[in-house]
1. When you scan segment 480-496, do you find a residue that is under 21 Å from the mean Cα position of the chain (by Cα), in a loop (DSSP other than H, G, I, E, B) and under 30 Å from Asp125 (Cβ atoms), even just one?
2. Could you please find all residues in segment 27-62 being farther than 19 Å from Ile633 by Cβ and at pLDDT 90 or above?
3. Examine segment 247-254 for a residue that is buried (at least 18 other Cβ atoms within 10 Å of the Cβ), among the small types (Gly, Ala, Ser) and within 27 Å of Val612 (Cα to Cα), and state whether such a residue exists.
4. Could you check, for segment 577-592, whether at least one of its residues is of a type in the set (A, V, I, L, M) and under 24 Å from Asn187 (Cβ atoms)?
5. Sort out which residues of segment 188-201 are under 12 Å from Glu468 (Cα atoms) and under 20 Å from the mean Cα position of the chain (by Cα), and write them in order of number.
6. Would segment 512-532 turn up any residue that is more than 27 Å from Ala414 (Cβ to Cβ) and either in contact with a helix residue (DSSP H, G or I) (Cβ under 6 Å, 6 or more places away or on another chain) or not acidic (Asp, Glu) (or both)?
7. Those residues that are of a type outside the set (Ser, Thr, Tyr), modelled with pLDDT under 95 and either surrounded by fewer than 18 Cβ atoms within 10 Å (Cβ to Cβ) or not in a helix (DSSP H, G or I) (or both), I need them from segment 212-229; list them, please.
8. Does Phe161 satisfy being under 21 Å from the mean Cα position of the chain (by Cα) and surrounded by fewer than 23 Cβ atoms within 10 Å (Cβ to Cβ)?
Amino acid sequence: MAAVTVLSATEKQRIRWSFVIVLGCLFVVLLNFWVLHSELRTGASNIAGGNPPVPVLLALTLLLPLRRWLKFNDAELLAFYLFACFSLLPTTFGGVRSFFPSLTTPLYYATPDNRLKEFWALLPDWWVPKDSAIIRGFFEGMEGRTPWDEWLPPLLRWTLFFVGLWAIGYGWAWLLAPNWLSAERLNFPLAQLPLQMVRGVEGQNFFATRLVWFGIFLGAMPTTLMAICSFFREVRRFWDLAPYLTDRPFNALRPLMIFPLVEGVGFGYLVPQEVLLSVWFFYFVFKLIALVGVGVFGWEIPTVMGIGDSFPFPHSQSVGGYLAMAALLLWRGFRQSAFKHQLHFALSTPHSKMLAIGLVASGSLIVVGWMMASGMAATIALAYWLVLTMFVVTYARIRAEVGMPYSWVYPYGAPRDFLHYAFGITGLLRMGGVKSLVLLSGLFWVARHFYLNLNGAYAADTVKLVMETGLPTGAVILVSFGGMFVGLWAAFISHLTAYYGRGANFLEGAPGTADYRTYVAAQDYRLLSNLLNKPTPPDWWRIGFTVYGASVTLLLAYLRRFMPTFPLHPLGFPLAYAYSHHCPYWFPTFFVWAVKGLILRYGGMSLHRKLVPLFLGLALGHFLMTGVIWGGILYPLLRYKLPFPLRIVFE
């Protein structure tokens, strides 16, 4: 096993764990107050977004000048960073804000034209309060009278399910990531920013580096200019090329947009060139196939289910890539003894391997047991768990090797939709009946949103930080769990307070139409109603493109194994198609690939290393300006005074 360098000085630092936890809890309280005002009540911002999370980076930035006064050391700052990251996840779009609508929408959106009232009756009584007045108050408000007595028992039970999701993501990352570090020497790009902020750049304070400040200035400029322009005219945060693609065959290229995602350029600088090339190249290939197939030959292929993406089915191709990559990673993990050996130094405790296996096993038992106890057929529960597990494995690998600073780098909703088109509604009905399908919709938020996947991603970053700093493994896992638990209950409290204060119909600035997560949950139940009225067999077109996606991914992995200089990377394929026909990160990926290529060509690796602080500062400046100054402070105050509101969210 290759040797790994660890900071011995940090390893010897004494960590005041109680101080870290108290500071983390204070962060959680302040975060939820901020989210309650700036996100839930006004819909003015997406401050809890970003990868790494904007509020955590802000807290770290504010703590660094206080480190001498509070006697912080590097290990304590990074331990706080980990606590804060896991405490923030339940507060994001993909956390409890997607969880609550999946429980409440069937009753509120039931009409004589759909079967949602039937679905409501099939949801277990121990999932959600069944009092119609409580559900109506959830959407319309109850003047701030939150029915805690009714919600407390189900939330206590759901806490166990959230713990199971955390354990699955965390356990798999801790089983696989040590080998990615030691044997494959992956870079973990998103973990570099907190490391450099805490440790400095080549012995110099991070914020004392001129390149960092120049990068912060450049990163803040796009949002600053858009904000100024929004005082005078409407500003869009992307360029839509659809108006120029109206005639056949070029209309087959729609949607085609250019998103100038600054964070993608900043962190993309740390991504291998072959991955950057693969993402935009395969998106180009996808659009070329659409141009020829749909635009020239008119291949409008009707699918059995008639939902989701259309020819050439990018989501299905990405699903195949995700599943194939996970299978390959697990196979390599066993062959390379990832489960027999751990890293030396901080990860070499005798119980580290068993602890990771225990997390995976216990989390899997909780999640599968929960689904079966709810009434889902065992075969469907196991199939859903397996697909979710394989997705989180690939997602963690993407975090470790690619470091895309976006949450939606997976075919969202696909783990559940895969069961729909692979088995068909007719097959699922034979396997588990209507109730199993209703429960799949009730748990659709796990597949559609990113809570599970981001737990695996931040767990992978945790392994990197533990290796670099010598933090004790057991204590780090407990701190991560504590952050998740405290953050979960803080999110429960802040969100229910907002729901029953104003009503879900009016949150995030919605004019009585509810937020997007509510729309997604209600639409999924309506879709199920339509599918049950006309049950469909397996969708062989989607199955075929899933197999095709898996085959291409495995072929690329094989080629790179025997030709290390092969220019295309297997992870680039599922990433290019993860957003279906619309991929917001193809342009920043292409841009940073070109810029980095010029730097390497004319300046070599020495210039490349010198410019790392510049690009990290670029990402940090964008996050602080977009998420904190504009999105978290100025826009919530000015929103109703601006003639042309400008709301910027992180992808």
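The values are calculated or read from the model by the stated rules, or taken from the named source; none is laboratory data. Note that the coordinates shown come from a computational prediction; the quantities given were computed from them, not determined experimentally. Reconstructed Cβ throughout: ideal geometry from the backbone, glycine too, with neighbour counts over all protein chains shown.
1. Checked against the condition, which is being under 21 Å from the mean Cα position of the chain (by Cα), in a loop (DSSP other than H, G, I, E, B) and under 30 Å from Asp125 (Cβ atoms), segment 480-496 yields no hits at all.
2. The answer is Val28, and nothing else.
3. Checked against the condition, which is being buried (at least 18 other Cβ atoms within 10 Å of the Cβ), among the small types (Gly, Ala, Ser) and within 27 Å of Val612 (Cα to Cα), segment 247-254 yields no hits at all.
4. Within segment 577-592, one or more residues are of a type in the set (A, V, I, L, M) and under 24 Å from Asn187 (Cβ atoms).
5. Phe188, Ala191, Gln192, Pro194
6. Scanning segment 512-532, I find at least one residue that is more than 27 Å from Ala414 (Cβ to Cβ) and either in contact with a helix residue (DSSP H, G or I) (Cβ under 6 Å, 6 or more places away or on another chain) or not acidic (Asp, Glu) (or both), so the answer is yes.
7. Selection gives Leu225, Met226, Ile228, Cys229.
8. So Phe161 fits the description; yes.
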